[in-house]
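Engineer: Just passing along the structure, written as structure tokens.
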Amino acid sequence: MKKFIISSFIFAFSFFALIFIGLIIPNNSLDRSIDYSIIVKHELLKKTTSPKIILTGGSNVLFGFDSEKIEDNVNSPVINHAIHAGYGLKYIIDDATQFINEGDLLVISPEYSHLLDKNYLGKEPLLFSLTAKPSNLKLISLSQLINVSPFIPKFAINRLKSFVYYKLKTVKESSEIGMYSEHAINTHGDNYQHWDKNESNFEIYEFSGVLNKDVIKYLERIKLNVNEKGAKLLIVYPSLCESSYKVNKNYIDIIDKELNNSNLNIVGRPDDFIYPDSLFFDSPYHLKYKAISSRSNKLIQIINDFNNIEK
Amino acid sequence: MLFNSIQYLIFLPTVFILYWFIFNRKLKIQNFLLLTVSYVFYGWWDWRFLSLIIFSSIIDFYCGIYIKKAKRMLIKKRWLTLSMLINLGFLGVFKYFNFFSSSLENALNSIGYQVDTLTLNIILPVGISFYTFQTMSYTIDVYRDKLKPTKDPIAFFAFVSFFPQLVAGPIERATNLLPQFYEKRTFDLEKAKDGLRQILWGLFKKIVIADNCAVIVNQVFENYTEYNASSLALGSIFFAFQIYGDFSGYSDIAIGTARLFGFNLMQNFAFPYFSRDIAEFWRRWHISLSTWFRDYVYIPLGGSRGSTFKKVRNTFIIFVVSGFWHGANWTFIVWGLLNAIYFLPLLLLNKNRNNTDTVAEKKVFISFKELINVSITFTLTIIAWVFFRAPNVSTAFNYINNIFSNTLFTMPSISLKPLAFIIILIVIEWIQRHRKHGLELDNPKMSRPLRWGVYYTFIIIIFWFGAEKQEFIYFQF
């Protein structure tokens, strides 16, 4: 028995040690992913003076706004903080609220899937963000850790594989900036690499799961925290392509009803941000520039109206 | 609780430590621990349905005692009938009520009577078909005087709910498993090590083989009209490996887990896709269910004795009942019927026990004749699996019809990724076909670094290539 326990312990320990190394090993790739743009975004948020506007959510925000245009029309600096919906809404907002000061406006545009099941706690992409910004570990709760834990071994092994690959292979640095590269963002944090692209290549997908009321409660708590700091919080609906909207209308109606019954500031309707499929790029959430411009105009209107009411 | 979950990764070592280090003084206390953790394991899915297991256990515990006590056969029979009625009643209500109700409605509507029958909004309790069959085997064996009824409720309740095999088998016989709860278990190092290896092999089959195949199979079966014939054919092959990896993987994890606690469960799969005829396939596939039906249905009906009519009748009954056991859908009944049709020629020509040994016995490679036989058996199995997987019988027929079209010899338009894993599985199982499972090692010369290297390789493959987590298929049965 003793021999079995010791052997099992050594075996498990050596495996966990391998996983741990995979998690802490540096990323030696020459072209790091968009997850690493969090470093630049944090710098932007730190140096931007209040009152400022922070736009956040999943990639519907990252790929969905022209922040410079918004900034020019609302007379406040605008930073696009969003990167990936897979981080989970909780992590995204907890990260953004670190930079909220008096007078700021936090505009959240969650993906619909964030309100279903436990998606708001994050999935594998959260691990990418944490390796890009290890100090953000302090934001992770036990429930988030449990939710992402099944992804950890595969993630760590992939990192080890990637490390060995870049160590052994000579990869030339490319002058082109990839769509999902760390450097794909502009000085406001928007991903602008697709603004001049015209092709559409994506598949619509159906939502699955059940509405999670904990997300609404969490958002209500965040609203209180933001208000306590002397800032405001506003929720707007995400952009979505027409065909995806039709397929998922039942889900969207349920979410809409639940959000409107809450104490949150919900502005607009889901169909305000529904655009034809031809205006989407590589996902039912990622807009082309024509729709980005339209959506930015709508947000300008929303923010100006909101500010007028608040005054 | 799923075997392939983080919760189970914490649950298993915790129970192991409690079992061998804290509750190891008295057998009763150890059994009580097993009972408690088994209820926790089941309740993790839905605690409300624990009441069914407890009620079923109480009824069969007392039925066993009263069957033994009864002096007259008539009284014994009444107690047995009570046990059967309650167990089959649960199955009838929870699993088959809606099927019978809607089938009756369709039948009446088709002859012109417009009726609306009652259908219930019922959740199927996980594992109900497994534990009811297990507990029925107890009362039947007591009735047949093959087993003394137990007076130890803890041992009996733990036998009914033993967590490794509670929700998806193997369906243990009381004669094999219950006595193991009466004897003091001692830790056996070799048995425990082999148990862990079997768990690892089961996880590989489930996470790498079954879950990767499932992704493709779901796409193909849901949109079968959009795929060419070769994709449909490949989709059905992938389903054959999905269901094998899923179900035999579960059995391997169950058997391996039980071995960690000093229990021996019966082998449930013995490399069935290397079978040379359908009779051999059924001796190697879901052995615990096949032998259950053989002993408690087929043999009491007369088995293969008597007139040709009786043989044919018994064969059809056993396969149709087996199909129906899997689910309340005509697809399962057709699946059972097809297998009966496959089996019948062998039975009538007295060739059903031609292949009782292992394929390519004492040889490395398979002979040409055996290869042909294995290929034919596998093809027949795949055709039957289409009915098992399809949502309804007409879809299954259309699916098969579409396979036999002029695009059968074109390139498939689906991902071939699972093929690589299937080849690995076939090679390992071929090498190991004389053993109990794919990772059974009995070479004492194999050094620890080599053994550990094998284990690490499998673990890395599981994490690296494992597909998105899917539920075990047999949970729904």
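Engineer: GluC sites (Glu not before Pro) within segment A:176-224: which are DSSP loop residues with at most 10 other Cβ atoms inside 10 Å?
Structural biologist: When the GluC sites (Glu not before Pro) of segment A:176-224 are filtered for loop state and at most 10 Cβ neighbours within 10 Å, A:GLU176, A:GLU199, A:GLU203, A:GLU206 remain.
Engineer: Sorting check: for B:329-336, B:390-397, which peptide has the highest mean count of neighbouring beta carbons within 10 Å, and how do the rest follow?
Structural biologist: B:329-336, B:390-397
Engineer: Right, next: Where in segment B:168-197 are there GluC sites (Glu not before Pro) that are in a DSSP coil and have at most 11 other Cβ atoms within 10 angstrom of their Cβ?
Structural biologist: Sites meeting the loop and neighbour criteria: B:GLU183.
Engineer: Here's something else I'd like to know. Once you order the gyration tensor axes a ≥ b ≥ c over the Cα atoms, which shape class does chain A get: rounded for a/c under 1.5, otherwise prolate or oblate by comparing a/b with b/c?
Structural biologist: prolate
Engineer: Moving on. Which FRET efficiency value, to the nearest 0.05, is calculated for B:TYR62 and A:ILE146 with the Förster distance at 41 angstrom and r the Cβ-Cβ distance?
Structural biologist: 0.45
Engineer: Using DSSP H assignments, which helices in chain B have an axial alpha-carbon span of 24 Å or above and a mean Kyte-Doolittle hydropathy of -1.0 or higher?
Structural biologist: Both cut-offs are met by B:27-46, B:50-69, B:73-91, B:229-260, B:308-326, B:330-348, B:368-389, B:448-465.
Engineer: Looking at the square roots a ≥ b ≥ c of the eigenvalues of the Cα gyration tensor of the protein assembly as shown, which shape do they give, rounded for a/c under 1.5, prolate if a/b is larger than b/c, or oblate?
Structural biologist: prolate
Engineer: Go ahead and set up a Gaussian network model of chain A, Cα springs under 10 Å, then flag whichever of A:LEU211, A:LEU233, A:LEU168 fluctuates most.
Structural biologist: A:LEU168
Engineer: Using alpha carbons only, how many angstrom separate the centre of segment B:152-191 from the centre of segment A:223-274?
Structural biologist: 53 Å
Engineer: Using only the Cα atoms of segment B:6-185, build the gyration tensor, take square roots of its eigenvalues as a ≥ b ≥ c, and label the shape rounded, prolate or oblate: rounded if a/c is under 1.5, else prolate if a/b is larger than b/c, else oblate.
Structural biologist: oblate
Engineer: Around B:ILE278, with a cut-off of 12 angstrom between Cβ atoms, what is the net charge of the other residues, counting Lys and Arg +1 and Asp and Glu -1?
Structural biologist: +2
Engineer: Then there is this: Could you grab the relative contact order for chain B? Cα pairs under 8 Å, six or more apart, rounded to a whole percent.
Structural biologist: RCO, chain B: 19 percent.
Engineer: On average, how many beta carbons from a partner chain sit within 10 Å of the beta carbon of a residue in B:18-24?
Structural biologist: That average works out to 1.
Engineer: Identify all lysines with a Cα-Cα distance to B:LYS311 below 21 Å; exclude those on the same chain that are fewer than 8 residues away in sequence.
Structural biologist: Answer for B:LYS311, where 21 Å is the Cα cut-off: B:LYS351, listed by chain and number.
Engineer: Could you pull out every one of the lysines with an alpha carbon less than 24 Å from that of A:LYS154, ignoring same-chain neighbours closer than 8 positions?
Structural biologist: The reachable lysines, counting only those whose Cα sits under 24 Å from A:LYS154, are A:LYS90, A:LYS118, A:LYS123, A:LYS133, A:LYS138, A:LYS167, A:LYS169, B:LYS205, B:LYS206, B:LYS417, B:LYS469.
Engineer: Averaged over its residues, how many other protein chain Cβ atoms are within 10 Å of peptide B:427-436's Cβ atoms?
Structural biologist: 0
Engineer: Return the aspartates and glutamates within reach of A:LYS229: Cα separation strictly under 12 angstrom, same-chain partners fewer than 8 residues apart disregarded; answer none if there are no such residues.
Structural biologist: Hits, sequence-local ones excluded: A:GLU102, A:ASP104.
Engineer: Could you pull out the trypsin sites (Lys or Arg not before Pro) across segment A:153-233 that fall in loop regions by DSSP (anything but H, G, I, E, B) with no more than 10 other Cβ atoms inside 10 Å?
Structural biologist: A:LYS169, A:LYS172
Engineer: Here is a follow-up. By how many nm would the segment from B:VAL427 to B:LYS26 grow when fully extended, if each residue of separation counts as 0.36 nm and the alpha-carbon distance is taken off?
Structural biologist: So the chain would gain 139.9 nm between B:VAL427 and B:LYS26.
Engineer: Any idea what the relative contact order of segment B:6-185 is, in percent, if you count C-alpha pairs under 8 Å spaced at least 6 apart?
Structural biologist: It comes to 30 percent, rounded to a whole number.
Read-outs: derived from the displayed coordinates by stated rules, not from any lab. Bear in mind the structure is a predicted one, so any value in this text is a computation, not a measurement. When we count neighbours, we look across all protein chains shown, and the Cβ atoms used for this are built from the backbone with ideal geometry, even at glycine.
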